[in-house]
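Written below as structure tokens is the structure these notes are about.
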Amino acid sequence: MAFSFSLSAEDAGRYSRIIQEGIAVRRHYDFLLWLQGEIQHYLPHEIMLAAWGNFPSNLIHYDIVSALLDVRTDHANVESLSPLLQGLFNRWIELDKTPYALSIGESGFLLLEYEERDLKRSLGIALQGMQSLLVHGISDERGHHDCLYLIFSSEKKLAPSTINAIEVLLPYIDSALGQITPLPHSGQPIPSSQNIDDFGLSNREIEILNCVRIGKTNFEIAAVLGISIFTVKNHLQNIFKKLDVYNRIQAVSKVAQIPADR
């Protein structure tokens, strides 16, 4: 582990712990906890958005990681995110793929890309509270795609040292994210019958069933969705009743047998 800048003994120890913890990440919940830990000392933020794919062709996938209530991947509006991601990606390319920071006053980078209807969404509302943004990316030469990372912070101006930090830590952030299964995205609901309303599942119940399908525990679902474990259990009981099943395995199996049409 080499650094292009000097480190105190305390900083060297902290970086070492951060990197070792990142290498151990295996689940989305682990990733969330890691980003809320000591890494905040160097990369203070409330929201991290990772976007990858073919940006010139607008074939972009994304994942949002945040401890903020309801700021989740499947709550985002992909149509509204696309112009923002394209603009920030193009600037990263123009800067020869080097990290850069923006403040809200420099370009109105948040307000510019969202229509009024989109600001009512949880992510849009949360972004309005952000004051600065750190941008960097990684090019996967073997996979022939780029991955852009957006670090949103409520701090008015990020310290210059965050540029050094993102250069050192981003490979480990990217590696950790690459080891976990992305959560379900907006526009990619669970397999459904000819009419999901036949079961009467609410949007929240569908979210929870999505998490169950990818193996999340009640504790992990509660953390990811920002609700209590008690609330998760109540929703699961309602799901079982509506699907006329008795447990998680039966619920997932019943939904999986239904052909999707949306």
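Residue count for the stretch 30-86 satisfying the condition of being part of a strand (DSSP E or B) and of a type in the set (D, E, K, R): 1. Report whether or not S132 is over 15 Å from the mean Cα position of the chain (by Cα), of a type in the set (S, T, N, Q) and modelled with pLDDT of 90 or more. So S132 fits the description; yes. The condition of being modelled with pLDDT of 95 or more and either touching a Gly at 6+ places or on another chain (Cβ under 9 Å) or more than 16 Å from M48 (Cβ to Cβ) (or both) holds for only one of L170, L150, that being L170. One residue alone among N210, N238 is surrounded by fewer than 18 Cβ atoms within 10 Å (Cβ to Cβ) and either assigned to a helix (DSSP H, G or I) or at pLDDT below 80 (or both), and that residue is N238. The set of residues in the stretch 11-29 that are in contact (Cβ under 8 Å) with a residue 12 or more places away in the chain and outside any helix (DSSP H, G or I) comprises V25, R26, R27. In this structure, does D30 turn out to be modelled with pLDDT under 80 and surrounded by 12 or more Cβ atoms within 10 Å (Cβ to Cβ)? Spelling it out, it is not the case that D30 is modelled with pLDDT under 80 and surrounded by 12 or more Cβ atoms within 10 Å (Cβ to Cβ).
Pairing each residue of the stretch 151-170 that is farther than 16 Å from L88 by Cβ and touching a residue at least 12 places away in the same chain (Cβ under 8 Å) with any residue that is exposed (fewer than 15 other Cβ atoms within 10 Å of the Cβ) and not hydroxyl-bearing (S, T, Y), provided the two are 6+ apart or on different chains, yields C-beta distances under 7 Å for S154/G129; N164/F5; V168/F3.
The values are calculated or read from the model by the stated rules, or taken from the named source; none is laboratory data. Here the structure is a predicted model, which is why all the values come from computation and not from measurement. All Cβ positions, glycine included, derive from the backbone under ideal geometry; neighbour counts span all protein chains shown.
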